[in-house]
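One structure is given here, and the rest of the page talks about it.
The values are calculated or read from the model by the stated rules, or taken from the named source; none is laboratory data. Predicted model only: the values in this text are computed from it and were never measured. No Cβ is skipped: glycine too gets one built from the backbone with ideal geometry, and neighbour counts run over all protein chains shown.
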Amino acid sequence: MHTDSSPRLLYFSPAWSGGLADYAHEQAQALAKIGVQVTLLTSPAYSKADASLYEQQRTLKTAGAFKSPIALLRKSVFATHLLQNYAALARTIQREGFQYVLFGSYAEYLAPLWVRPLRGLADQGVKFGAVVHDPVRGYVVGPLWWHRWSIACTYSFLQEAFVHEAIELDTVKPMPNLRTTVIPQGVYNFPPAQMSRESVRANLKIPSHVKVLLSFGHIRDGKNLDLALRAMANFPEVYLVVAGKQASSAQRPVSYYQNLAYTLGVADRCRWQLDFIPENQVGDLFNACDGILLTYSASFQSASSVLNVGAAYRRPCIASGGQGNLQTMVRRYGLGVWVEPDSWEAIGAGIQQWLKGIDPPCWEDYERDNSWARNAELVYARFWGNTCN
């Protein structure tokens, strides 16, 4: 129950779908449950229309939604929307008197162009924090000097950085006022399956007796889908469902993977659901599959939202990546098979191990240790002290 004395938090999350939007929703709900008045500043396209525990202001531009075959036009519109959203954030803080602001994710793009008003607000006493989902900022936009300057600008006004694995953040220059806190990522609360496993498989034309892997979420190069397809060629009893949209035009097109599947002779065992998957269909897909594919490249050093969706449906994974939260969680709780990154042979060995049978994952321990309630408690403690309502 909120009161006039309840702490107020402005939660800035331009993401309207996918893992970042799901994370923002779960974190905002958890913070609201412990007495924080959360106002989510987001896009009109935000997919969590049923959120009831927190206020939503859907006034941001839907950056990235503009489609055009002209790359320069796409990038120009994206940049314009990005700058407009940060300007809207500064106006909202000033107009409504917010003293605490949490960024749903850290992003440095064009920071030298938008940072000044927020840095000024920080100097006036506004406390800013950010969830740093991707602490290693390896995706370089523009010259390296601009990229490094942008990273420093974005960290310059933050007092709190929330990460999912202990790490010394590369802030480019010393940030003595920045404190880093490790927080867990909880299991996502999607609806249960609406259809039977057999019905979903029948709709997808997948035999009932085969093993099925699911690649869920945005399709992008760093997930090594091409290597997984190569590995699949050696396992005629394994099918693959790819469910999600292409991440961006900068990534390999879906047609690349589909053509590769034909070349490798595995196309008849692949199913492509190339669209945003509505929440009420997520459970059906996971229920119809036997495991999830999380074969990230070595540059991936973050947590995986898909792992936490899979945990909700008790689906083990075949996973790879760099040193980070995903590796820690899979190994610590036995959530699946961990393999060497960027190797189709290693993925093949992982599939073989999975088919032979793995020890039951420690689902209950994982859920106990990685809850949204604990996530919210740690964020609360950093913003307002150790006591919550």
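Determine which single condition residue 41 fails, assuming it passes every other condition in (1) touching a residue at least 40 places away in the same chain (Cβ under 8 Å); (2) more than 19 Å from residue 94 (Cα to Cα).
(2)
Do we find that residue 105 is more than 28 Å from residue 326 (Cβ to Cβ), touching a residue at least 40 places away in the same chain (Cβ under 8 Å), assigned by TED's automatic domain parsing to the domain that holds residue 19 and polar (S, T, N, Q) in this structure? First the steps, then the outcome.
Numbers: more than 28 Å from residue 326 (Cβ to Cβ): no; touching a residue at least 40 places away in the same chain (Cβ under 8 Å): yes; assigned by TED's automatic domain parsing to the domain that holds residue 19: yes; polar (S, T, N, Q): yes.
In short, no.
Can you find, within region 233-246, the residue that is surrounded by the most Cβ atoms within 10 Å (Cβ to Cβ) among those that are more than 20 Å from residue 200 (Cβ to Cβ) and more than 26 Å from the chain's Cα centre (by Cα)?
Once the filter is applied, the top-ranked residue is 235.
For region 336-389, name all the residues that are charged (D, E, K, R), under 18 Å from residue 27 (Cα atoms) and without any contact (Cβ under 8 Å) to a residue 24 or more places away in the chain. Walk me through how you get there before you give the answer.
Here is the first cut: in region 336-389, the residues charged (D, E, K, R) are 340, 342, 345, 356, 359, 364-365, 367-369, 374, 377, 382.
Of the ones still in play, those that are also under 18 Å from residue 27 (Cα atoms) are 367-369, 374, 377, 382.
Selection gives 368 alone.
Which count do you get for residues in region 287-306 that are under 17 Å from the mean Cα position of the chain (by Cα), farther than 15 Å from residue 339 by Cα and not in a loop (DSSP other than H, G, I, E, B)?
Of the residues in that region, 2 qualify.
For residues in region 245-282 being of a type in the set (Gly, Ala, Ser) and modelled with pLDDT under 95, which is nearest to residue 215 (Cα to Cα)?
Here the residue is 247.
What are the residues in region 115-134 that are crowded, with 20+ Cβ neighbours inside 10 Å and small (Gly, Ala, Ser), if any?
129, 130 - these are the residues of region 115-134 that are crowded, with 20+ Cβ neighbours inside 10 Å and small (Gly, Ala, Ser).
Could you tell me whether residue 380 is of a type outside the set (A, V, I, L, M), buried (at least 18 other Cβ atoms within 10 Å of the Cβ), in the same structural domain as residue 36 (by TED's automatic domain parsing) and over 18 Å from the mean Cα position of the chain (by Cα)?
When the stated conditions are applied, residue 380 passes them.
Could you check region 87-107 and list, in sequence order, the residues that are surrounded by 15 or more Cβ atoms within 10 Å (Cβ to Cβ) and out of contact with any helix residue (DSSP H, G or I) (no Cβ under 8 Å at 6 or more places or on another chain)?
Of the residues in region 87-107, the ones surrounded by 15 or more Cβ atoms within 10 Å (Cβ to Cβ) are 88-90, 92-93, 98-107.
88, 92, 99, 103 - these are the residues of region 87-107 that are surrounded by 15 or more Cβ atoms within 10 Å (Cβ to Cβ) and out of contact with any helix residue (DSSP H, G or I) (no Cβ under 8 Å at 6 or more places or on another chain).
Looking at residue 328, is it under 20 Å from the mean Cα position of the chain (by Cα), of a type in the set (Ser, Thr, Tyr) and in a helix (DSSP H, G or I)?
yes
Tell me whether region 89-101 contains one or more residues that are under 23 Å from the mean Cα position of the chain (by Cα), in contact (Cβ under 8 Å) with a residue 12 or more places away in the chain, within 20 Å of residue 41 (Cα to Cα) and in a loop (DSSP other than H, G, I, E, B).
No, region 89-101 contains no residue that is under 23 Å from the mean Cα position of the chain (by Cα), in contact (Cβ under 8 Å) with a residue 12 or more places away in the chain, within 20 Å of residue 41 (Cα to Cα) and in a loop (DSSP other than H, G, I, E, B).
For a quick check of your reading of the model, give me the residue pairs whose first member lies in region 130-157 and is more than 20 Å from residue 15 (Cβ to Cβ), whose second is assigned to a helix (DSSP H, G or I) and aliphatic (A, V, I, L, M), with beta-carbon atoms closer than 7 Å and at least 6 apart or on different chains.
153/111; 153/115; 156/115; 157/115; 157/118; 157/122
Looking at region 282-299 only, could you name the residues that are of a type in the set (A, V, I, L, M, F, W, C) and touching an Asp or Glu at 6+ places or on another chain (Cβ under 9 Å)? I'd like the intermediate steps shown before the answer.
First, pick out the residues of region 282-299 that are of a type in the set (A, V, I, L, M, F, W, C): 282, 285-286, 288-289, 292-294, 298.
The answer is 288, 298.
Scan region 189-202 and tell me whether some residue there is crowded, with 19+ Cβ neighbours inside 10 Å and among the aromatic types (Phe, Trp, Tyr).
Residues of region 189-202 that are crowded, with 19+ Cβ neighbours inside 10 Å, as a first pass: 193, 200-201.
Those left that are additionally among the aromatic types (Phe, Trp, Tyr): none.
Among the residues of region 189-202, not one is crowded, with 19+ Cβ neighbours inside 10 Å and among the aromatic types (Phe, Trp, Tyr), which makes the answer no.
Would it be correct to say that residue 137 is charged (D, E, K, R), outside the structural domain of residue 325 (by TED's automatic domain parsing) and buried (at least 17 other Cβ atoms within 10 Å of the Cβ)? I'd like the intermediate steps shown before the answer.
Working: charged (D, E, K, R): yes; outside the structural domain of residue 325 (by TED's automatic domain parsing): yes; buried (at least 17 other Cβ atoms within 10 Å of the Cβ): yes.
Judged against the criteria, residue 137 is a match.
Please list, ordered by residue number, the helices (runs of 4 or more DSSP H) wholly in region 337-389 having 3 or more residues that are over 24 Å from residue 23 (Cα atoms) and of a type in the set (D, E, K, R). Quick ask: steps written out before the conclusion?
On the way: elements: 344-356, 363-369, 372-384.
Fully inside region 337-389 and qualifying: nothing.
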